[in-house]
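Below: the structure, in structure tokens.
The values are calculated or read from the model by the stated rules, or taken from the named source; none is laboratory data. Because the structure is a prediction, the values reported are computed rather than measured. When we count neighbours, we look across all protein chains shown, and the Cβ atoms used for this are built from the backbone with ideal geometry, even at glycine. Just the protein is used for accessible areas: all its heavy atoms, side chains included, with ligands, DNA and RNA removed. Shrake-Rupley method; radii C 1.70, N 1.55, O 1.52, S 1.80 Å.
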Amino acid sequence: AMAASVSHFIAKYPLEQMEDGDVYITNDPWLATGHLHDFTVVTPVFRHGITVALFASTCHVVDVGGLGFGPDARQVYEEGIYLPILPLAKRGEMNQTLLEIVRANVREPLLLEGDFFSLAACNETGVRRLREMMDEFDLDEIETMADLIMERSSSAMLKEIRRLPFGTYHYSMMIDGYESNVNLVAAMSIGEDGIDVDFSGTSAVSEYGINVPLPYTQAYASFGVRCLVGPTVPNNAGSLGPVRVSAPLGSILNAPPPCAVAARHAIGQMLPDVMIGCLEQVLPNRTPAEGTSCLWNFVLYGGHGISGGGFANATPFTVTMFHNGGTGARPTKDGLSATAYPSGVRNTPVEINEAIAPVRIWRKEYRTDSAGAGRCRGGLGQVMEISNVEGAPFALSSMFDRVDHAPRGRAGGMAGACGRVSLKSGVSVPPKGRTQIPGDEHLVLEMPGGGGHGPPGERDPKLIEADLRDGLLTEEFAEQNYAVSVAADGSVTRPIVSD
């Protein structure tokens with residue numbers, strides 16, 4: 001999505017108008033990476049007064065103002081500051097007017113400004129190193145080399161696609177959504193000239209901020225295909241070109257402006273598993289089961305307007321935490337526990353969160369019995385327990401899925417556990433939206449587990465014994481789902497069935 005966005009920058013500011021030292025920026029969800037919290041920065045590279053390349057970088061920032069990071073907005077205008085493609089710097093001078101406007105509209109102005117400078121510095125490092133490389137090899141342009149790389153990548157990808165049986169393959173996935181369930185429906189057509197994915201039949205746009213702009217849909221669907229088809233081919237426009245993704249305008253996977261889109265990941269990150277479901281029909285025994293898929297990321301807020309009048313001096317804070325449940329089991333290996341797929345975002349160390357905000361994480365541990373049973377079991381989810389150390393109320397902005405619809409197993413494997421959001425007292429908390437957590441309570445997050453792969457009755461008893469020793473499953477779960485007996489010493493036996 002970031003690479004595709006560069007064409008929009010060039011359309012707004014043609015190469016002949018760019019100057020050495022210019023830097024451009026946007027967070028337009030439909031021109032970049034899908035929601036306002038992602039800023040994309042583009043920097044041209046000049047050599048002998050001619051533009052020879054462009055560098056781009058993107059990062060998700062902690063706050064963009066508005067309602068904050070969450071799914072509760074009804075239009076994108078409520079979700080925060082919305083920057084069209086604009087100069088962040090001209091001829092090396094930062095756009096102070098732009099920075100001043102942004103600082104005045106967000107909760108964490110220093111952090112956001114720092115992110116802008118960091119993105120520009122990333123690009124500048126690329127600019128410097130590219131110039132050094134071109135000097136070393138006495139190159140005036142790199143288009144000849146780039147064209148060769150693109151052509152070879154495209155040919156290599158098409159070669160991989162042509163090894164697959166041609167035809168159209170269907171898969172669908174029902175997930176929680178917000179106000180109602182969402183059905184993701186895909187038809188994947190494999191042919192001589194590539195792979196076409198059509199999401200016709202998918203649910204319509206939501207009234208809330210879980211809608212997905214088309215570039216994000218195309219990015220995550222393409223990624224799901226590339227995980228199994230041509231994964232060793234370099235990732236560039238050449239290898240991505242043969243994978244074409246479309247969704248009907250007005251569907252939740254092609255939401256037009258001004259739809260709210262802040263939590264687009266809650267839906268969009270399910271798409272690789274949908275693609276894998278299609279490809280399982282042509283690549284049997286090579287595809288994993290379904291996993292948690294969408295990040296269980298959330299934002300905690302404290303301070304004025306949240307903590308209440310009795311806590312007027314409560315510390316104001318905004319902290320974003322990235323965590324996840326388990327991935328689906330693979331055909332020959334267990335799923336990965338507490339691991340983000342497809343996003344690849346790592347869990348946030350609790351020490352960092354506790355250092356920058358008055359929060360305490362009392363528990364962060366694997367969730368027992370959450371992994372779907374199978375010859376290879378799914379990855380485990382995790383349990384987190386969180387409170388405000390000042391005893392003041394705080395707000396949770398949640399964007400969780402897989403609470404009502406579990407990750408499904410594959411090839412006879414069982415589903416993973418659904419997620420759950422609650423207070424330590426047992427009161428349930430909605431999985432999406434903003435909820436105030438009482439100051440004397442603890443928030444408890446129980447994240448989903450991944451689905452299993454293969455019949456549970458074929459799992460090696462020694463692996464079940466190891467999971468029992470490690471506390472990853474209980475004796476009751478093992479006996480019910482793996483059809484085994486657990487002895488007092490922890491040894492596992494499977495009853496002998498006679499013909």
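Accessible area ranking (1.4 Å probe, heavy atoms, ligands and nucleic acids excluded), largest first, for T435, T368: T368, T435.
Using a/c under 1.5 as the rounded threshold, could you call the chain rounded, prolate or oblate? The axes a ≥ b ≥ c are square roots of the C-alpha gyration tensor eigenvalues, and prolate needs a/b larger than b/c, oblate otherwise. Because a/c hits 1.5 or more and a/b fails to exceed b/c, the chain counts as oblate. For a straight C-alpha distance cut-off of 15 angstrom, the aspartates and glutamates reachable from K432 (same-chain residues fewer than eight places away being disregarded) are D72, D176, E179, E207, D401, D404, E446. Label-to-label distance, D140 versus Q17, with points set 7 angstrom from Cα along the beta-carbon direction: 2.8 nm. Summing charges over neighbours of I50, with a neighbour being any other residue whose Cβ is under 9 Å away from its Cβ, gives -1 when K and R count +1 and D and E count -1. Percent of accessible area on region 295-435 owned by carbon and sulfur, 1.4 Å probe? Carbon with sulfur: 54 percent of the solvent-accessible area. Per-residue extension of 0.36 nm, minus the Cα-Cα distance of I50 and A237, leaves a gain of 65.0 nm for this segment. For region 402-477, the square roots of the Cα gyration tensor eigenvalues, ordered a ≥ b ≥ c, give a/c of at least 1.5 with a/b no greater than b/c, which places it in the oblate category. Please compute the contact order of the chain in relative form: average sequence separation of alpha-carbon pairs under 8 Å and at least six residues apart, divided by the residue count, as a percent. About 12 percent, as a whole number.
With the charge dipole of region 99-191 set up from +1 on Lys and Arg Cβ and -1 on Asp and Glu Cβ about the Cα centre, the Cα lying farthest toward the positive end among the listed residues A146, M188, V106 is that of M188.
For region 102-235, the share of accessible area belonging to carbon and sulfur comes to 53 percent (1.4 Å probe, ligands and nucleic acids excluded). Computed over protein heavy atoms with a 1.4 Å probe, the accessible surface of region 154-227 works out to 39 Å² per residue. For R129, put the label point 7 Å out on the Cα→Cβ axis and report which residues of region 22-59 keep their amide N under 15 Å from it. From region 22-59, the list is 54-58. Taken along the Cα-to-beta-carbon direction at a fixed 7 Å, the label points for S180 and R363 span 3.7 nm. Selection among G454, A357, G471 by position relative to the dipole of the chain gives G454 as farthest towards the positive end (Cβ unit charges, Cα centre).
Its Cα centre serving as origin, region 227-378 has a Cβ charge dipole (Lys and Arg +1, Asp and Glu -1) of approximately 200 debye.
Note on K90: lysines with a C-alpha under 29 Å away, same-chain residues under 8 apart excluded, are K12.
Could you calculate the FRET efficiency of K90 with R162 from 1/(1 + (r/R0)^6), where r is the beta carbon distance between them and R0 is 51 Å, rounded to 0.05?
So, using R0 = 51 Å, E works out to roughly 0.60.
Separation of region 315-389 from region 118-174 is 33 Å, based on Cα centroids. Across T97, T125, the residue with the most accessible area heads the list, and the full order at a 1.4 Å probe is T97, T125.
For the chain, a simple Cβ point-charge model (Lys and Arg +1, Asp and Glu -1, everything else neutral) yields a dipole of about 740 debye relative to the Cα centre.
What ranking do 9-15, 240-246, 265-271, 224-230 get when scored by the average of other Cβ atoms within 10 Å per residue, highest first?
Answer by packing, highest mean first, reads 265-271, 224-230, 240-246, 9-15.
Between region 78-104 and region 238-300, the alpha-carbon centres lie 31 Å apart.
Quick one: length gained pulling V6 to Q480 fully straight, 0.36 nm per residue minus the C-alpha distance? Walk me through the intermediate numbers first.
Numbers: separation 474, 0.36 × 474 = 170.64 nm, distance 5.38 nm.
Full-extension gain reported as 165.3 nm.
Contour minus end-to-end for L111 and A204, with contour as 0.36 nm per residue of separation and end-to-end as the Cα-Cα distance? Working shown, then result.
Working: separation 93, 0.36 × 93 = 33.48 nm, distance 3.60 nm.
Length gained between L111 and A204: 29.9 nm.
Simple rule: put +1 on each Lys or Arg Cβ and -1 on each Asp or Glu Cβ in region 279-420, find the dipole, and look at F400, Y301, T315; the Cα lying farthest toward the positive end is F400.
When a/c is below 1.5 the answer is rounded, else prolate if a/b is larger than b/c, else oblate, so apply that to region 250-303 with a ≥ b ≥ c taken from the square roots of the Cα gyration tensor eigenvalues. Numbers along the way, then the final one.
On the way: a/c = 7.19, a/b = 1.66, b/c = 4.33.
Verdict is oblate for region 250-303.
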